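Computed from the coordinates by the stated procedures, all read-outs in this text should not be read as laboratory data. Everything quoted here is computed from the prediction, not taken from an experiment. With ideal geometry, Cβ positions are generated from the backbone for all residues, glycine too; neighbour counts draw on all protein chains shown.
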Amino acid sequence: MSADSNPIVIGIDVRTHGFDVTRVLAVVRELRARDDLDARLLYLDCDNDVLLRRFTETRRSHPLAQDRPVLDGIIEERRTLRRLRDHADETIDTSMLGPHELKRLLLDRFGHTGHGLRLSVMSFSYRRGLPREADLVFDARFLRNPYWDAALRGLTGQDPAVRRYVARDADYRQFVSDVRRLLDRLLPRFEREGKSYLTVAVGCTGGRHRSVVVAEQLADWIRRQGRPLVLAHRDIDIIQAAPAARTRTGKKG
């Protein structure tokens, strides 16, 4: 895209008529050489087992293995696209992303035509794994856990009662302050290095309480600095069943 125009996206894959990796890379090199364009090659990746499940759920055959097992097609596609992946400016792993999450991520990284560092703050559940798009990850599991309070278990970190509960932890304010100071030093350095986006992720066990509180607090602080950002809570809608008996050593929430 040019500096004064809206971005244009061209999607290609192995089903594209006349697809040839060598020709694609030649075109990409030509576009990158132009001073009036900011051309970037984005590669969308995914784990084999997730791809296999997606094909199975939709009952589709793989375009490179119409009369063979889907996994054969996935392996062949990886071999075919290997050079594209090696030359990509950006790679996004979609294994843990649903359609709406992928859309948010793409808009966050490529939908803004202005200059400066674009920021995302997100909360997540360690049970579901680290968000692969995260650049900086902070662990909030040491904070007091609202999950063990029956009145708070069904709420989230967006509810005032949960925010007050977490904030009463003796180490909460110092933790948030330390993260702020770190970001205060890092963000200008990332900008000087030319980084165009940064994703800050905060995790807790269930992704509904502590990580949400901290992520909301960080997002408010970043907004007050006048920086645009996207705030997302990846796992806030996943509700964990209450334990049969409460134990102080259990790890929930």
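Here are some notes:
- With contacts taken as Cα pairs under 8 Å and at least 6 residues apart, the range 110-233 reaches a relative contact order of 50 percent.
- The chain: antiparallel DSSP beta bridges as a percent of all, rounded to 5: 5
- Derived scalar couplings between HN and Hα for the range 51-66 equal 4, 4, 5, 5, 5, 5, 5, 8, 6, 9, 7, 7, x, 9, 8, 4 Hz in order, rounded to whole Hz, by the Karplus curve 6.51 cos²θ - 1.76 cosθ + 1.60 (θ = phi - 60°), x for Gly and Pro.
- Between Val137 and Arg53, full extension at 0.36 nm per residue minus the direct alpha carbon distance yields a gain of 27.4 nm.
- Residues with amide H under 5 Å from that of Ala232, placed H, sequence gap 5 or more: Val121, Met122, Ser123
- Placed amide H near Val137: partners under 5 Å, 5+ positions off or other chain: Ala201
- Taking the Cα centre of the chain as origin and assigning +1 to Lys and Arg Cβ atoms and -1 to Asp and Glu Cβ atoms, the resulting dipole is close to 1020 debye.
- Rounded to the nearest 20, the size of the Cβ-charge dipole of the range 21-95 about its Cα centre is 280 debye, with Lys and Arg at +1 and Asp and Glu at -1.
- Radius 14 Å from Cβ of Arg224, net charge of other residues (Lys, Arg +1; Asp, Glu -1): 0
- Here the label points at Arg192 and Asp38, each 7 Å from Cα along the C-beta direction, are separated by 2.1 nm in the simple model.
- Residue-wise HN-Hα couplings along the range 9-23, as the Karplus relation 6.51 cos²θ - 1.76 cosθ + 1.60 with θ = phi - 60° gives them from phi, are 10, 10, x, 9, 8, 5, 7, 5, 4, x, 4, 8, 4, 4, 5 Hz; Gly and Pro carry x.
- Dipole magnitude of the range 110-233 about its Cα centre (Cβ charges: Lys, Arg +1; Asp, Glu -1), debye to nearest 20: 60
- Once the Cα-Cα distance is subtracted from the 0.36 nm per residue extended length, the Arg68 to Thr80 segment shows a gain of 2.6 nm.
- Listed values [x] 61, 46, 23; [y] 63, 51, 32; [z] 47, 41, 40 include one computed from this model; for Cα extents along the principal axes in Å that value carries the label [x].
- Axis of helix 99-110 versus longest Cα principal axis of the chain: the two differ by about 80°, to the nearest ten degrees.
- Using the rule -39500 (n - 2.57) for each DSSP H run of four or more residues, divided by the residues of the chain, the 222 nm mean residue ellipticity is -12000 deg cm²/dmol.
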